[in-house]
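Down below is the structure, laid out as structure tokens.
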């Protein structure tokens, strides 16, 4: 096929796309130039997946990219009615972040079960204080989100001896990988027995605000909550209230309603809350892995072959087969 125009949005740092030299005309854009350049592109690589600029600039009529790839698992920052209704194919970075996020969640679970934060604080105070911690094997977790990330979390926690109930959009009674997937209606009944509640769901109209005051009230006082999905899945003020009232024992947030988290946010100081800056999937070399994945998919696109990781734009994620 003739040389295509590839528009790269948010190239700081610039992705390494050496394999595309001579095969695509690569044009870099930022938020200011994006509306002007979008109609000139055959394909769009959303390298800055933290921005809402693509959704705001997407052309309603006329020429538009035939393919959009985002270097993230979630696509909520991209989807707008015009993009959903268009014939543009949308793909995501499924396959890059799953295991790193699962390892991060496992690290949080171990750290909270063994009270590592307490140990580090006592060390800072030079205090010798013996304590008893929680045995992880035999505890129970509810993982919300049955996509690749939720499944990787389930496998990793299971390897630690944790019993896991996986919750997804629809029920599967004979899933080949995890055995059973509960549908979302079962969540309320699963929360009261969970020691660990992990949110790894995509952000959609149905999931926004799903963890609110009633959800936290269903959890037992010793439960811990972890969110590695999207910030708006949690009503943050309700989580703060649950921690202050000791409705639950602790929480860890890697994603937030507004990012970056403001320096004056009260979340920094909430007792029992661990804050991290949306880094659960970011391991050494992750940007190069994202670039390689995109170039592999570009090869397929240029050859007219089916693309990997095609998002169902109406659902907002890549369906699990």
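Some points to look at:
- Test: residue 235 is without any contact (Cβ under 8 Å) to a residue 40 or more places away in the chain and either over 21 Å from residue 142 (Cα atoms) or surrounded by fewer than 21 Cβ atoms within 10 Å (Cβ to Cβ) (or both): yes
- Residue 88 in the same structural domain as residue 57 (by TED's automatic domain parsing) and free of Cβ contacts under 8 Å to residues at least 40 places away in the same chain: yes
- Count - residues of the stretch 205-226 that are surrounded by fewer than 18 Cβ atoms within 10 Å (Cβ to Cβ) and in a loop (DSSP other than H, G, I, E, B): 8
- Residue match in the stretch 113-121 (condition: under 29 Å from residue 186 (Cβ atoms) and touching a residue at least 40 places away in the same chain (Cβ under 8 Å)): no
- Tallying residues that are under 16 Å from residue 49 (Cα atoms), assigned to a loop (DSSP other than H, G, I, E, B) and touching a helix residue (DSSP H, G or I) at 6+ places or on another chain (Cβ under 6 Å) within the stretch 1-37 yields 2.
Here's the yes/no breakdown for (1) surrounded by fewer than 19 Cβ atoms within 10 Å (Cβ to Cβ); (2) in contact (Cβ under 8 Å) with a residue 40 or more places away in the chain:
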{"site": "97", "(1), (2)": "no, yes"}
{"site": "103", "(1), (2)": "yes, yes"}
{"site": "108", "(1), (2)": "no, yes"}
{"site": "123", "(1), (2)": "yes, no"}
{"site": "128", "(1), (2)": "yes, no"}
{"site": "135", "(1), (2)": "yes, no"}
{"site": "162", "(1), (2)": "no, yes"}
{"site": "165", "(1), (2)": "no, no"}
{"site": "185", "(1), (2)": "yes, no"}
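- Matching entry among 136, 122, 90, 78 (being part of a strand (DSSP E or B) and either closer than 28 Å to residue 203 by Cα or at pLDDT 95 or above (or both)): 90
- Residue count for the stretch 167-183, restricted to those that are assigned to a loop (DSSP other than H, G, I, E, B) and either under 19 Å from the mean Cα position of the chain (by Cα) or crowded, with 17+ Cβ neighbours inside 10 Å (or both): 2
The values are calculated or read from the model by the stated rules, or taken from the named source; none is laboratory data. Just so it is clear, the structure is predicted and the values come from calculations on it, not from any experiment. Neighbour counts are summed over all protein chains in view; Cβ atoms, including those assigned to glycine, are modelled from backbone coordinates with ideal geometry.
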